[in-house]
Structure formats: structure tokens, C-alpha cells
1. Tell me, which residue of segment 124-139 that is touching a residue at least 24 places away in the same chain (Cβ under 8 Å) and charged (D, E, K, R) is farthest from N100 (Cα to Cα)?
2. Of the conditions (1) at pLDDT below 80; (2) part of a strand (DSSP E or B), T137 clears all except one; give me its number.
3. From the set of residues in segment 282-292 that are touching a residue at least 40 places away in the same chain (Cβ under 8 Å) and not in a loop (DSSP other than H, G, I, E, B), which is nearest to M267 (Cα to Cα)?
4. Out of everything in segment 232-279 that is among the small types (G, A, S) and part of a strand (DSSP E or B), what residue ends up being farthest from the chain's Cα centre (by Cα)?
5. Going by the conditions given, is S107 free of Cβ contacts under 8 Å to residues at least 40 places away in the same chain, more than 20 Å from V75 (Cα to Cα), among the polar types (S, T, N, Q) and not in a loop (DSSP other than H, G, I, E, B)?
6. Quick check on segment 295-317. Is at least one of its residues surrounded by 14 or more Cβ atoms within 10 Å (Cβ to Cβ), more than 24 Å from H28 (Cβ to Cβ) and either β-branched (V, I, T) or at pLDDT below 85 (or both)?
7. Any residue in segment 63-74 that's closer than 19 Å to I313 by Cβ and assigned to a loop (DSSP other than H, G, I, E, B): show its pairings with residues that are among the β-branched types (V, I, T) and modelled with pLDDT of 75 or more at Cβ separation under 7 Å, as long as the two are six or more apart or on different chains.
8. Could you check, for segment 82-93, whether at least one of its residues is modelled with pLDDT of 75 or more and not β-branched (V, I, T)?
Amino acid sequence: MCLDRLFAFAIVCILVLSGSRAAAQDIHFSQFFQSPLLLNPALCGQFDGSYRVGINQRTQWRSVTTPYSTFAFGVDANNISLPDGIFNSEDGNFKELPFNGGISVYSDKAGDSQLKTTGVNIMAAQQFKLPFDEKATFHAGAMLGFTSMKIDYSKLTYDSQWNGVNYDPNAPTNEVFPRAGRGYFNVNIGATYARPIDEKRSFTAGMSFYNLSRPKQSFFDEGYVKLDSRFNMHGSYKQAISNELSIEPMLLLMRQGKYTEFNLGGMMHYTLSEKPWARNGVYAGLFVRAKDSGFFVVGTLYGPWNAAISYDINTSSLKPASNGRGGLEFSLLHTFSKFPRKMNAKTCPNYM
């Protein structure tokens, strides 16, 4: 089956699988293409450069309740290179490790109780050549994370604090809470497949599996609740229209427990100038999220910088309360070019 047919077949399969209500449980961003380390561990180190640093920030539901705020930071390396003297002998050479590596940190605060979720993940990925397709590249990755959840019960109000005339915040709540926090470890894996079709077209697809360890996430000691596993499937197809203009359709399916979220859309890229390690341009895109919302995104590339801003428009049953408003999201990526290698050199004596 040719790659064009394979891509079309994948879209049809995802549309069939995405029939349930659009929703999700794990923390994620609308700009999934700007938060690769939270999308698939195999995307760690998949960029043209040496190191990459990324920041994502999202605020949503400001018109409905206490705003939800999510922040993420990540850094990853393409073929980790340790400078001379760091975990290796001082021989004047870099120590190259045979894999990509990275770390991501995220923090989310939600609701009146200020439920705070903080996660730290470390990951590694490696590239493999496929013997049956020399043009394609295959990446596999794994990620180990620790998540901490905390809730502030003092921010909540209770029926027992109503004295019949008004609300008394000093009145006893008559509630007993077993714990105000919980932490757990998590295991996630993923893989990606990428292949150029010709000089103007390329195709990328990936799958990832999160929460394989099914950790406990309940604040109650008895009758614990396990975190559902999450399956991601994502793909993109890029085609050059001219030397300056290209289009890039994208899709993302996320399924967790009984919930499914499906994103379908695309972006248009316009290159203003291009040099080695420096491309300047702008891009814009529109995406729809099945039965839930849609968002538009605009961004710019300026040398090693990639910045974008997007806004979600709510179309779900919460639309009357939210007035159609969703979330405002920012992202910023910076890619460092390949560092020059220090070369050993012999000093030859000068003979007269």
C-alpha cells in the first residue's frame, strides 16, 4: 500500500474510532504540535539541531469559574553529547551517547479548590533504520514520570457553614478528608514513523501509550480509583506548493477510558527567508475538535525561535455558560544548532 493510501486509510480509521464524546483526562495542550514531549516520548530529540527548549502556557474557563491554568517546560537533546570532563575523561572530545534524552515538567491548577497537579518526566528515544525501507526513519521512546496531586480543602464551602441567615466561614465543615495529596509514578512509551515521499512531500505518523502502570489517583484511602491508560495516534502530511508556501494537514486522536478526543485541521507555512540553521517565516492554522470546540493558531519562525498563540472557541454544551469562550494558549520553542566539536591537535615543534 502506497503512503498516500496509508495516510487516507489512517484518517478513515480514526474517524470511525472517534465516535464517542470528545473529552480527555490527562493534561494536554491544544497546540499538540508545539508540545512534542507531552504527545509522544518517541518525539524526544526529533529536530534538526543539538538541544531544544520549549515552554507552553494555557488559561481556560475564565468566564465560567476560577480559571484553569496549565504551564509546561521541556528540554530535549538530539544524540546527547556531554562536554569534555562531564561524566567522561578530560580527553578533549565530547562524549556522545547513542540515544536522545529529555525532561519535561508541567504544573496545572484547576477550580475553586485549587487542585494542583505537578508532573516531572524523564525520557529517552532512539532512531532505527528500517531494512525494508531505506528512506524511512523509525523512532521508539520511553518515559518515566512522577506526578503529585494536592487539593486545598479550605478554599471550599459547605452546607454546614450556613447558619440559616448567612454563610459563616469559621463554622465547622463536619467533613473528614483522609488526605490532601497523592503522588504516583507512571510509565509511558511511544513510536513514530517518518518518510519523505518525494522532494515536495513527506509523511509522519506516531502512536503512544500513557499510564501503562495504571496508578492510584484517589484522595481516599479505601476504594482507590486508578488512572485510565491513554492511547494517542497522530499524523501529519506536508506538501510544498512553491518554494515559499507549503501546507500541512494534521490529526490527533486521544482515547482514555471511555473518553475520546479527535482533532483534525491543518496549517499553512510561508517562508520569508531561509539559510542554514535559520529559517524565517510565518504560519497559521485552523483545527476542529469533535463535538467540543475548535481553535485557530498563528505563529512565526525567526531563526532558532518558534512562537505561536492560539485560542479555543467552545461549541459544547457549556457554550451558554462560557459564551463560546475557551482557552488562550502560548508556546515558545528554541532550537540550538549543532555545537562544534573540539578536535585533538598535535603541536609540531618548529625546526630552523
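1. D133
2. Just one mismatch for T137, condition (1).
3. This residue is F287.
4. S273
5. When the stated conditions are applied, S107 does not pass them.
6. no
7. Matching pairs, first to second residue: P67/T59.
8. Quick first cut of segment 82-93, residues modelled with pLDDT of 75 or more only: none.
The answer is no; no qualifying residue exists.
The values are calculated or read from the model by the stated rules, or taken from the named source; none is laboratory data. What you see is a predicted model; the values in this text were computed from it and never measured. Because the Cβ atoms are built from the backbone with ideal geometry, glycine has one as well, and the counts that use them run over all protein chains shown.
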